[in-house]
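Following: one structure in structure tokens, then a few remarks.
The values are calculated or read from the model by the stated rules, or taken from the named source; none is laboratory data. Because the structure is a prediction, the values reported are computed rather than measured. Glycine gets a Cβ as well: all are built from the backbone with ideal geometry, and neighbour counts include every protein chain shown. What goes into the accessible areas is simple: the full protein's heavy atoms, side chains included, and nothing from ligands, DNA or RNA. Shrake-Rupley method; radii C 1.70, N 1.55, O 1.52, S 1.80 Å.
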Amino acid sequence: MTGLTSPIVERHSVEDAPYASLNHDIHTTLTQALKDDDRQGMIRDAINHHLTAAGGYLRARLGYHTGRALGIAHEQALICACISELLHNASLIHDDVLDHDSMRRGQRSVWRVWNEGVAICLGDLFISAAYGLMSGLSPHAERLPVLLSCVHHHVQTTIHGQAECFSLAMGPEPDFEQCSQAACGKSGPLFALSLEAPLLLTGHDSAIPNAREAALTFATIYQLIDDIEDFDSDMTDQQQGACNMLHALGNRGDTTPMASALDYGRHQLGRTRQLADTLPDGCGQALIEEAYRLEDKLISLTGGRS
């Protein structure tokens, strides 16, 4: 798939423990950002449909825990966290149109239930809602200009990363380095935004480079695991298969691509944890914990041992 999702956590219900309470608050914040109580119709129905299978809210949870560790109040931390989550979901809705994927998280995708026009409009609404949410960050008003610039930068980078995947699929088969860079380019920016937004709001600008690199390395392995799980289906699609990282490992003559994927993933996740541990006030702890979970998933998938 070309979206920024993965079955690792994204298919978990918002009611799954131990995140049920926080996920409920995130879900409520997203819904309030999107809905206009005075309007009915297809868009409102499409919002309800998409949020019924909302995923695991990983980006929002990372953003929330980062914000709270930095002293941001609960309501503002939720708002800050949901910016990246709204943008991520916009990308999923649009990607389903681009890929003609009929299913999203166990139910029919928005364009399949209605049509491509409704899906494009809904994705646009999610993007607009992400910017609209920032009006609720008035206690941090002096930092909003830099946050707005940061959000735009990561949206722009995500778009260029997605376009690079399309470009690679149209040329000669890319090598592993190109595939990993493309994966990082399309999956990494919104993970990075989850960490950077609360850091910027609290004036920790100097921590941004380490936070960004930690998030980008994490996102690359997040996508690697997605490529491993989707390997068979990707190989039936020329475009998807060309950018599959496991396929690229085999193409370079690697006789044990699963073992190489495990070694590469564990190294990168170790780097993620190292960088996250440098962030102020222990705000990288949530990412460290997710990196350990991701490593366990990678070990399980590749048949490796910890």
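Listed peptides 23-30, 179-186, 62-69 appear in the order 62-69, 179-186, 23-30 once ranked by packing, highest mean of other Cβ atoms within 10 Å at the front.
Length gained on full extension, T52 to M170: 39.0 nm, using 0.36 nm per residue less the C-alpha separation. Hydrophobic long helices, here whole DSSP H runs in the chain with Kyte-Doolittle means of at least -0.5 and Cα atoms spread over 18 Å or more along the helix axis, are found at 20-34, 74-99, 116-133, 144-170, 176-201, 208-229, 285-302.
Write down the accessible area per residue of the chain in Å², having rolled a 1.4 Å probe over the full set of protein chains.
So the chain comes to 42 Å² accessible per residue, rounded to a whole number.
With a Förster radius of 22 Å applied to the C-beta separation of A20 and H267, the computed FRET efficiency comes to 0.05. Close amide H partners of W114, meaning residues 5 or more places away or on another chain with modelled amide H under 5 Å apart, do not exist here. Under the criterion of Cα pairs below 8 Å and six or more residues apart, the relative contact order for the chain equals 19 percent. Surface calculation, 1.4 Å probe, protein heavy atoms: I43 sits at approximately 60 Å² accessible.
Here is the list for the range 275-306: trypsin sites (Lys or Arg not before Pro) lying in DSSP coil, each with at most 15 other C-beta atoms within 10 angstrom of its C-beta, are R305. Classify the chain from the C-alpha gyration tensor, please: rounded if a/c falls under 1.5, else prolate or oblate depending on whether a/b exceeds b/c. Because a/c hits 1.5 or more and a/b fails to exceed b/c, the chain counts as oblate. Viscosity 0.692 mPa s, temperature 37 °C: what is the translational diffusion coefficient of the range 33-139 from Stokes-Einstein with a Kirkwood Rh over Cα pairs, rounded to a whole number of µm²/s? The Stokes-Einstein estimate is 227 µm²/s. Of the residues S167, S91, S194, the one that moves most in a GNM of the chain with alpha-carbon contacts below 10 Å is S167.
At a Förster distance of 41 Å, what's the computed FRET efficiency of R108 paired with Q285, Cβ-Cβ distance as r, to 0.05? With a Förster radius of 41 Å, E is 0.60. Measuring with a 1.4 angstrom probe and ignoring ligands and nucleic acids, E164 comes out at about 90 Å² accessible. Taking the simple approach of a point 7 Å from Cα along Cα-to-Cβ for both K35 and D99, what is their distance in nm? So the two model labels end up 2.9 nm from each other.
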